[in-house]
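Each value in this text was obtained by applying a stated rule to the coordinates, not by laboratory testing. Worth saying up front: this structure is predicted, and the values here are computed from it rather than measured. Counting neighbours? That spans all protein chains shown, and the Cβs are built from the backbone with ideal geometry, glycine included.
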Amino acid sequence: DILDVVAILTLVTTFIDVVFYWWIFDALNGTMTYLESMNQNRKLKRYLRLRLFLLLSVLFAVVWSVFGIVDSYNDTRIINEEVNGWVLNAVWEFNYLLVLIGLSYLWAPEAGAKEYAYVMELSAIGDDLEFDTSMVDGPDSDDECGVSSSGEFSEIRPSDDGDFDFAVDNGVKA
């Protein structure tokens, strides 16, 4: 009677885990599609690595689940719950720990993190960019940022040393 309740709760927990993983992968695919269309290769590479960590986590979970099911239906158990029962729960915690370490490695603090987060990567494909070198007094009263005559937007941001930095957004209108 109690085993049936535990089995049902385990099934519900597994279903919730699958829904969360599906939700995460769906959001990652949308983000990676956007980054690929905007030619943001450095950011795309980081998200591809994140997807790899999560896929390895799912693979590990599936392999361990199959092992647990096979072990529970064997006459002679590979992992005796009375002696080594803690291993069955510790493996899941180890899986989550590995995901946490992978995420920490991917998003470790870097020297250029501020610029990486707020500036679009310029395309490195041939002559597809045109830069307007004429000086602009400042942003028009209609716009929050300066617009060159070629239609490219540039953002003016104060830097740490008191000067102003300019970023070209490759013609993408924000």
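A few remarks follow.
- The phi torsions of the range 13-23, fed into the Karplus equation with coefficients 6.51, -1.76 and 1.60 and a -60° offset, translate into couplings of 4, 4, 4, 5, 4, 5, 4, 5, 4, 4, 4 Hz, rounded to whole numbers, with Gly and Pro shown as x.
- Cβ-Cβ distance of residue 59 and residue 84, R₀ of 22 Å, FRET efficiency by 1/(1 + (r/R0)^6): the value works out to about 0.40.
- The range 39-110, dipole about Cα centre (Lys/Arg Cβ +1, Asp/Glu Cβ -1), debye to the nearest 20: 820
- Packing order of peptides 111-118, 96-103, highest average first: 96-103, 111-118 (average count of other Cβ atoms within 10 Å over each peptide's residues).
- Inverse of mean 1/r across different Cα pairs in the range 34-110, Kirkwood, Å: 14.9
- Each residue, residue 21 and residue 3, gets one label point 7 Å from its Cα in the Cβ direction; the gap between the two is 2.6 nm.
- Hypothetical label at residue 11: residues of the range 67-107 whose amide nitrogen lies under 20 Å (7 Å Cα-Cβ projection): 67-74
- Using a simple spin-label model with pseudo-atoms 7 Å out from Cα toward Cβ, residue 118 and residue 41 lie 2.6 nm apart.
- Virtual paramagnetic centre 7 Å along Cα→Cβ of residue 96, amide N under 19 Å, in the range 25-64: 25, 53-64
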